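Notes follow once the structure below has been shown.
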Amino acid sequence: MSEANLWEWLRDVALPLGQYSRIETGDTSPGFPDVHCQLEAGLSPTLELKFAKHPGAHIPFTKKSGMRRSQIKWIKENLRNGGTVWIIAEITPEILVIPGKFAGDINGTPEKEVRKLAIGILHKKNPRYAAEFLRKLLVESSYE
């Protein structure tokens, strides 16, 4: 598995209808998230995708595999200006949905604590729930 596989699953199975642009280049803007979304009602959240290379490890995300300083800075600035950012982090077999406000809290944090930051946990084996959850989150802006 990889971040690319996570994106393919999200795109093909779980994300609500909309336009999605996957951006994997530093040429856009330093720290810009992996996916820009354009959804109904003019909603434009961004998604930062992460994949834990060693699930179950004490520290699943490091500066190399986790949030880069430029990403944390971009997310903080975006949130300060009214933007919406979600971190979608796969720690096999689960996919954690974490509010962007926790971007600076992920690196070096034990997996158990990273899970506490998540507002939802998705499973690839339950795509119907994942699609319902992400629709409520991204389109209806509710996650209770």
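Taking the residues in the stretch 124-134 that are more than 14 Å from the chain's Cα centre (by Cα) and of a type outside the set (D, E) as candidates, determine which candidate is least open to solvent (accessible area, probe 1.4 Å).
If we take residues in the stretch 124-134 being more than 14 Å from the chain's Cα centre (by Cα) and of a type outside the set (D, E), then A131 is least open to solvent (accessible area, probe 1.4 Å).
Among the residues of the stretch 1-39 satisfying the criterion of being among the polar types (S, T, N, Q), surrounded by 12 or more Cβ atoms within 10 Å (Cβ to Cβ) and outside any loop (DSSP other than H, G, I, E, B), which is modelled with the lowest pLDDT? Outline the logic, then answer.
Taking the stretch 1-39 first, the residues among the polar types (S, T, N, Q) are 2, 5, 19, 21, 25, 28-29, 38.
Those still in the list that are surrounded by 12 or more Cβ atoms within 10 Å (Cβ to Cβ) too: 5, 28, 38.
Cutting the leftovers down to outside any loop (DSSP other than H, G, I, E, B) gives us 5, 38.
Working: N5: 92, Q38: 95.
Filtering first and then ranking leaves N5.
Could you list, ordered by first residue, the pairs with Cβ atoms under 6 Å in which the first is in the stretch 108-120 and in a loop (DSSP other than H, G, I, E, B) and the second is open to solvent by less than 30 Å² (accessible area, probe 1.4 Å) and among the aliphatic types (A, V, I, L, M), at least 6 apart or interchain?
Note: pairs meeting the criteria are A118/L96; A118/V97; A118/I98; I119/V97.
The values are calculated or read from the model by the stated rules, or taken from the named source; none is laboratory data. These figures come from a predicted structure and were not determined experimentally. Every residue, glycine as well, gets a Cβ built from its backbone with ideal geometry; the counts of neighbours run over all protein chains shown. In case anyone asks, the SASA skips ligands and DNA or RNA and just uses the protein heavy atoms, side chains included. Shrake-Rupley method; radii C 1.70, N 1.55, O 1.52, S 1.80 Å.
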